[in-house]
Amino acid sequence: MSDRRNTGAAGRALGPRGLPSLQLLLERDDVGAWLESSPREAVVGALRTALAEARDALRTGADADAPAPAPDRLVASARTALDRRADAGLRRVVNATGIVLHTNLGRAPLADAARAALIEVAQGYTNLELDLETGRRGGRLAQIGTLLCAATGAEAAIAVNNNAAATLLAIAALADGGEVVVSRGELVEIGGGFRIPDVIRQGGGTLVEVGTTNKTRIADYRDAIGPATRVLLKVHQSNYRIVGFTDGVAPAALVGLARERGIAVVDDLGSGCLTVPRPVASGEPTVREAVASGADLVTFSGDKLLGGPQAGLIVGREAALAKVRRHPLLRAMRLDKLSAAALEATLALHADPARAMTEIPALRMLTQDPSAIASRAERLASRLEPVLGSRPAIVASEGRPGGGALPEAAIASRAVALALDSGVIESLRRGRPSVVGRIHDGRLLLDLLTIADDEVDAVADAVGRAMAACRAP
Ligand SMILES: *Cc1c(COP(=O)(O)O)cnc(C)c1O
């Protein structure tokens, strides 16, 4: 490296345009201390990046005589960059957005029973593929299938990694390279690039669109069925609604037509209510209703209105499920043991609807009493009063189910409104626990619909820490 050094006026080793060399930075005392707590490669990498960025800034900057940043500043910016990288992993977030099934925040928080089941399975070995009664190799997830059949009235059931996988697998298993007929009003994009036309193609099917955006009739399906047709696919309009001059075909009518022609019906319910959180989701078809309509396969998510871990559930007729079980894609999409444990425990709670409503956090939030939300808002405002120096305002707010479910449903809620600098809001988001709220009219709203009772103190403390961090020089 010495060949690239030149000697500055002060006799120090400086690189091009007065930047210190990497070696010089590494010899500093503060970097020495840093190296004791962080891996050398990471520190060297961060310093290199800081130097490269400074070099680029000098080269492209408008002022040709701008001085190079001091070594102190280079080390500080390398350190900040490395700390941020270390902070980038998964961590606890307090959801103060008022959106219950927030996809970016991991959708449904787990019930205590689901969390306990997950930890038990994580701690040691488990009977994943062993039947403990007989001592023989047993099918994984048998209990999940039993609980799902009991909850939905289906003949058979299976769980996979998520509903995107469930839908793809259902199509792949039943379309068998043939045509899949879908209404133009149901060619949904769920988000994250999950689009029904692409899913059909990836499942080896050929999409046949019928009807129009706002109206599809049974005759449209009938006219579209040909010798290559294998599946009539119904898709829940999860995250949008078509209102006004509209018409669709009920699942039972589709099933009637499909039976006549010897083809299958797949119904992708998306959210899939086992226990309906009324009144929020009053109009939602339940999984039991979809199964009773006679669809061959019904698919839905584990972490939307079911309130469990990420999973995709496929329920329906035994003959159709047998094709799913035989399909080679199943292995690539199977549920892992931790999610399986949490799902099984969540499904067990659904066996008693009243228990499901109180013990599954997403359902509890969606159906909680407005007075409980109001009293949490009062508690948070009181806890924030000494932190802020004055009592913050409590405002009426509208929460949402989220998760691409029930786009029209608004839930009356209360939020604490804080006039904070953007720096404090950012610091709050970056903190531990992170607190993510909603910005409205230049204020940060902390919505009590999604803040749990036992999170109120943590939120107030986090606001205090974020304000202190921004006051510090
Ligand atoms: C949400 C949704 C999916 C995808 O489910 P994930 O569990 O997110 O994979 C598929 N279809 C519909 C109709 C949905 O609403």
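Descriptive notes on the structure:
- Residue check, A292 within 29 Å of N104 (Cβ to Cβ) and of a type in the set (A, V, I, L, M, F, W, C): no
- A count restricted to region 236-260 and to residues that are over 19 Å from R317 (Cβ atoms) and within 14 Å of the ligand (Cβ to nearest atom) stands at 6.
- Subset of region 176-185 (residues that are within 16 Å of the ligand (Cβ to nearest atom) and either in contact with a helix residue (DSSP H, G or I) (Cβ under 7 Å, 6 or more places away or on another chain) or among the hydroxyl-bearing types (S, T, Y) (or both)): V180, V182, S183
- Inter-residue pairs, beta-carbon under 6 Å, first modelled with pLDDT under 95 and in region 453-473, second open to solvent by less than 30 Å² (accessible area, probe 1.4 Å) and in a helix (DSSP H, G or I), 6+ apart: C470/V424
- Candidates E385, E398, E359 - the one that is open to solvent by 10 Å² or more (accessible area, probe 1.4 Å) and over 23 Å from V280 (Cβ atoms): E385
- Any hit, region 277-298, residues being aliphatic (A, V, I, L, M) and modelled with pLDDT under 95: yes
- Residue list for region 462-473, restricted to those being assigned to a helix (DSSP H, G or I) and either open to solvent by 10 Å² or more (accessible area, probe 1.4 Å) or of a type in the set (K, R) (or both): G464, R465, M467, A468, A469, C470, R471
- Where helices (runs of 4 or more DSSP H) fall entirely within region 30-130, those with at least 2 residues that are over 30 Å from M357 (Cβ atoms) and open to solvent by 50 Å² or more (accessible area, probe 1.4 Å) are at 40-60, 71-86.
- The strands (runs of 3 or more DSSP E) located wholly in region 162-214 that include 1 or more residues which are under 22 Å from the mean Cα position of the chain (by Cα), modelled with pLDDT under 95 and buried (at least 21 other Cβ atoms within 10 Å of the Cβ) occupy 189-191.
- Residues located in region 152-161, provided they are crowded, with 20+ Cβ neighbours inside 10 Å and either more than 14 Å from the ligand (Cβ to nearest atom) or more than 18 Å from G316 (Cβ to Cβ) (or both): T152, A154, A157, I158
- Members of region 315-344 found to be more than 12 Å from the ligand (Cβ to nearest atom), closer than 22 Å to A264 by Cβ and not in a helix (DSSP H, G or I), listed by number: V315, G316, R317, H327, P328
- Applying the criterion of being in a loop (DSSP other than H, G, I, E, B) and surrounded by fewer than 22 Cβ atoms within 10 Å (Cβ to Cβ) to the residues of region 285-314, the residue that is farthest from the ligand (Cβ to nearest atom) is G294.
- Qualifying positions in region 131-144 - more than 24 Å from the chain's Cα centre (by Cα) and assigned to a helix (DSSP H, G or I): A142, Q143
- Restricting region 220-255 to residues that are out of contact with any strand residue (DSSP E or B) (no Cβ under 8 Å at 6 or more places or on another chain) and of a type in the set (K, R), the residue that is modelled with the lowest pLDDT: R241
- The residue of region 261-275 that is nearest to E408 (Cα to Cα), among those that are outside any strand (DSSP E or B) and within 16 Å of the ligand (Cβ to nearest atom), is S271.
- Pairs, first hydroxyl-bearing (S, T, Y) in region 382-398, second buried (at least 18 other Cβ atoms within 10 Å of the Cβ) and in a strand (DSSP E or B), C-beta under 8 Å, six or more apart: S397/S413; S397/R414; S397/A415; S397/L445; S397/D447
The values are calculated or read from the model by the stated rules, or taken from the named source; none is laboratory data. Remember, predicted model here, so these are calculated numbers, not experimental data. Here Cβ is always computed from backbone atoms with ideal geometry, including for glycine, and neighbour counts include all displayed protein chains. Only protein heavy atoms, including side chains, enter the accessible area calculation; ligands, DNA and RNA are left aside. Shrake-Rupley method; radii C 1.70, N 1.55, O 1.52, S 1.80 Å.
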